[in-house]
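Each value in this text was obtained by applying a stated rule to the coordinates, not by laboratory testing. Everything quoted here is computed from the prediction, not taken from an experiment. A quick note on method: Cβ atoms are made from the backbone with ideal geometry, for glycine too, and the neighbour counts reach across all protein chains shown.
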Amino acid sequence: MNNAKELSAAWQASLLVLLAAAVVMLPDLAYASSNTPMGNVLCTVKNWFTGNTGKGLATIAITVIGVGALLGKVSWGMAIIVGIGVAIVFGAASIVDSMGGGVTDAAGSGCAVS
């Protein structure tokens, strides 16, 4: 019986050391770069949403929804939801930055500034 307790304690100590090593190595895994094909695609999509294309579409959306709300064709609740959605899209980089991500560009997104 005593032998089984010692073996169990050895396994627990080994597991504790293994988990401690994994936790120590986790920060190295978090340093992801955007120099991957998928990272480049996501940065391109981010630039579409927050660049001139996104600003133009947001302006059109706000205008159409605002006119529709003034004419009574769209509820004011929907107009407010669209406005909040546009604010979230354009404020997403600063929201992510405020959560503690490392800043590598002016927008805090990790994408290269073009």
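Round to the nearest 0.05 the FRET efficiency obtained for V74 and M99 when R0 = 25 Å and r is the Cβ-Cβ distance.
For R0 = 25 Å, the calculated efficiency reads 0.15.
Can you work out the Karplus-derived ³J(HN,Hα) for every residue in the range 69-86? Use 6.51 cos²θ - 1.76 cosθ + 1.60 with θ = phi - 60°, whole Hz, and x for glycine or proline.
5, 5, 7, x, 8, 10, 6, 5, x, 5, 4, 5, 4, 5, x, 5, x, 5
What ranking of I65, I60 emerges when the number of other C-beta atoms within 10 Å of each C-beta is taken as an exposure proxy, fewest first?
Ascending Cβ contact count within 10 Å gives the list I60, I65.
Any chance you could run the full-extension gain for N35 through A10? It's 0.36 nm times the residue separation minus the Cα-Cα distance, nm to one decimal.
Working it through step by step, the gained length comes to 4.7 nm.
So between V64 and V45, what do we pick up on full extension, going 0.36 nm a residue minus the alpha carbon distance?
4.5 nm
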